1. Taking the stretch 28-42 as the search range and keeping residues that are aromatic (Phe, Trp, Tyr) and at pLDDT 95 or above, which one is most open to solvent (accessible area, probe 1.4 Å)?
2. In the set Ile112, Ile92, Ile25, which member is among the β-branched types (Val, Ile, Thr) and at pLDDT below 95?
3. What are the residues in the stretch 485-514 that are part of a strand (DSSP E or B), in contact with a helix residue (DSSP H, G or I) (Cβ under 7 Å, 6 or more places away or on another chain) and within 19 Å of Asp450 (Cα to Cα), if any?
4. Output the qualifying pairs, or none if there are none: Cβ atoms under 7 angstrom, residues six or more apart or on different chains, first residue in the stretch 121-138 and on the phi > 0 side of the Ramachandran plot, second residue at pLDDT 95 or above.
5. Would you be able to tell me the number of residues in the stretch 541-561 that are under 31 Å from the mean Cα position of the chain (by Cα) and either crowded, with 18+ Cβ neighbours inside 10 Å or not in a helix (DSSP H, G or I) (or both)?
6. Is the stretch 505-521 home to any residue that is surrounded by fewer than 17 Cβ atoms within 10 Å (Cβ to Cβ), touching a strand residue (DSSP E or B) at 6+ places or on another chain (Cβ under 9 Å) and among the aromatic types (Phe, Trp, Tyr)?
7. Scan the stretch 342-353 and tell me whether some residue there is out of contact with any Lys or Arg (no Cβ under 6 Å at 6 or more places or on another chain), of a type in the set (S, T, N, Q) and not in a helix (DSSP H, G or I).
Amino acid sequence: MSKQTVAHLEALRAEMARLHVDAMIVPGTDAHQSEYICEYWKSRDWVSGFTGSNGTAVVTLDDARLWTDSRYFLQAQQQLADSGFTMMKEAIAGEPTITEWLASVLAPGSVIAIDGTLFSINSVNALEEFCGLNGLRLATDFTPFDTIWPDRPLRPQGKIEVHSTEYAGESVADKLARTLSAVEAAGADALFIAALDEIAWLYNIRCTDVRFTPVTISYAYISASKKAIFVDSAKLTPEVSAHFAENGIEVLGYDDVARFLDKLPLETTVMLDPNQVSDTLNRAIECGRIFGKSPVSMLKGVKNDVQIEGMRRSMVRDGIALVKTFRWVEENAASGTVTELGVWNKAMEMRRLDPMYRGDSFSMIAGYKEHGAIVHYSADEQSDAHLQAEGLLLVDTGAQYPDGTTDITRTITLGNPTADEIHDYTLVLKGHVALASQQFPVGTRGVQLDVLARQYLWNEGLAYLHGTGHGVGQYLSVHEGPHSIRMNENPVTIVPGMITSDEPGLYRAGKHGVRIENLVLAVNSVSDAEFGDFMKFETLTLFPYDARLIDVSMLTDGELSWINDYHATVRECLLPGLDGADAEWLIEKTKKITR
């Protein structure tokens with residue numbers, strides 16, 4: 001990979017020199033600011049060799065750097081070796097940011113170039129301000145990969161499917177009405193949407209354009225008098241065309257979006273999410289604009305009763321598949337024939353036994369021993385470790401079903417756990433349980449809950465650098481907003497119907513990693529005339545913890561009771577779908593833990 005990457009890097013530099021560009025910033029996203037993207041937009045991967053979901057490449061005529069966050073430090077170091085790129089640590093004290101580094105290496109008057117279709121309005125505004133303060137120039141129309149990437153994949157042409165109200169729980173008409181009401185309340189006449197998952201939710205459609213996330217490459221525009229979707233016509237079926245017609249949605253070409261926006265009546269005021277809509281499309285608009293968070297994000301983030309029941313059903317079928325998978329892993333690890341990739345293949349095999357399975361919701365992380373310390377590790381043919389009857393195996397996996405999206409992490413021992421492994425696991429489990437079992441007042445933000453999961457690690461001078469919880473879609477993106485549980489401030493409060501992950505971890509480089517993750521649903525708890533309304537979490541994920549890694553002496557009576565109650569629920573929900581050795585395995589794994 002490195003030799004090929006170096007050739008790609010030199011091709012980019014040649015194009016930069018030809019057009020008098022001194023530096024180019026290459027993001028790891030698409031024209032919709034997506035986290036997971038189709039192959040067509042993976043220009044950063046092509047030029048650098050880095051494949052993580054978060055990372056930005058910066059190339060000058062004589063240097064190349066790639067910034068990524070703590071989840072990918074180890075992965076980036078490995079993938080960037082001999083590539084011509086140097087890894088830079090994002091959001092770490094003492095490490096320069098992209099703009100700080102550019103300011104230190106570029107002379108006044110230098111040109112920084114970007115492809116404006118891949119940068120949001122807000123990000124370009126920040127770059128323009130930086131350039132102005134540092135005597136640099138910004139070009140937003142540099143598209144070298146159209147020229148230098150000869151075998152660039154085409155935009156995907158997967159067929160769109162209608163997402164039935166049987167699973168969505170709400171009609172397109174009702175969603176449009178609620179969305180337009182929020183748009184009008186914000187002082188706008190119309191809403192332009194670039195986020196793919198928002199379009200899929202609003203129009204009740206799904207597709208296979210992006211691996212792991214059932215969305216279609218498109219844009220949407222809605223007002224009281226016009227509803228439109230911008231999409232390649234080859235992606236339509238008669239059923240989908242009828243669905244759009246029935247809901248008054250006009251179908252326009254994907255590449256027609258800029259011309260459409262340019263021709264909007266000048267008296268129109270259109271609402272744009274400045275973190276989702278690209279700078280290029282923003283520049284095409286001549287009419288009035290209001291910038292703000294898309295109201296669809298909040299509407300989508302709060303699940304209705306039908307969606308919640310669907311998520312519960314998806315947890316049962318996924319739990320059954322994982323019981324079969326983990327039993328197989330434990331029984332075969334000692335043979336030395338099971339590898340990390342083999343774990344993923346077995347999980348897919350077991351999930352495929354259910355006709356509702358539509359694929360995984362992200363690339364499985366199966367990290368054995370030291371690989372478990374790489375937060376977003378992804379096994380390949382070179383790194384694919386063979387399991388043995390010892391050490392920790394961290395498995396982070398999820399699936400897509402028409403009625404739900406799952407995301408679970410379990411860390412298990414494959415034999416003879418050490419005192420350090422047990423201690424680390426129990427610390428993480430205590431934080432996981434603390435968050436899952438906490439009652440909290442209405443109006444609480446995720447940042448106020450985050451410390452619950454970190455407290456026991458902090459008490460021993462330990463920490464993890466990733467967030468504790470992210471929102472999860474319903475047969476949509478496994479990572480969604482607008483809410484989160486993390487140390488960074490997020491003004492969005494937790495409200496009933498929001499689904500969030502609970503996933504503290506601990507990672508010891510070169511040794512092992514521990515992460516434990518369930519999805520939890522925010523529900524109403526108690527109401528008091530004096531102290532107000534409170535909420536709590538209902539745990540949705542159904543799969544046992546590894547009791548062999550639990551130091552019971554470190555648990556309070558309340559924690560032990562919570563774990564035993566959870567295991568009883570897991571057994572009650574999953575046992576009817578299991579028999580034989582699988583049922584016996586689950587019964588053993590969920591038996592009561594005592595001191």
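The values are calculated or read from the model by the stated rules, or taken from the named source; none is laboratory data. Values in this document were obtained by computation on a predicted structure and should not be read as measured data. So basically every Cβ, Gly included, is an ideal-geometry build from the backbone, and we count neighbours across all protein chains shown. Each accessible area value is taken on the protein alone, full model and side chains, heavy atoms only, with ligands, DNA and RNA left out. Shrake-Rupley method; radii C 1.70, N 1.55, O 1.52, S 1.80 Å.
1. If we take residues in the stretch 28-42 being aromatic (Phe, Trp, Tyr) and at pLDDT 95 or above, then Tyr40 is most open to solvent (accessible area, probe 1.4 Å).
2. Unique residue meeting the criteria: Ile92.
3. Of the residues in the stretch 485-514, the ones part of a strand (DSSP E or B) are 485, 493, 498-502, 505-508, 512-514.
Adding the requirement that they be in contact with a helix residue (DSSP H, G or I) (Cβ under 7 Å, 6 or more places away or on another chain) leaves 485, 498-499, 502, 505-508, 512-514.
Matches in the stretch 485-514: Ile485, Met498, Ile499, Asp502, Gly505, Leu506, Tyr507, Val514.
4. These pairs meet every condition: Gly135/Pro108; Gly135/Gly109.
5. 9
6. No, the stretch 505-521 contains no residue that is surrounded by fewer than 17 Cβ atoms within 10 Å (Cβ to Cβ), touching a strand residue (DSSP E or B) at 6+ places or on another chain (Cβ under 9 Å) and among the aromatic types (Phe, Trp, Tyr).
7. No; the residues of the stretch 342-353 include none that is out of contact with any Lys or Arg (no Cβ under 6 Å at 6 or more places or on another chain), of a type in the set (S, T, N, Q) and not in a helix (DSSP H, G or I).
The rows are residues; the columns are (1) of a type in the set (A, V, I, L, M, F, W, C); (2) in contact with a strand residue (DSSP E or B) (Cβ under 8 Å, 6 or more places away or on another chain).
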| position | (1), (2) |
| --- | --- |
| Glu538 | no, yes |
| Leu542 | yes, no |
| Asp546 | no, yes |
| Ser553 | no, no |
| Glu559 | no, no |
| Trp562 | yes, no |
| Pro576 | no, no |
| Thr590 | no, no |
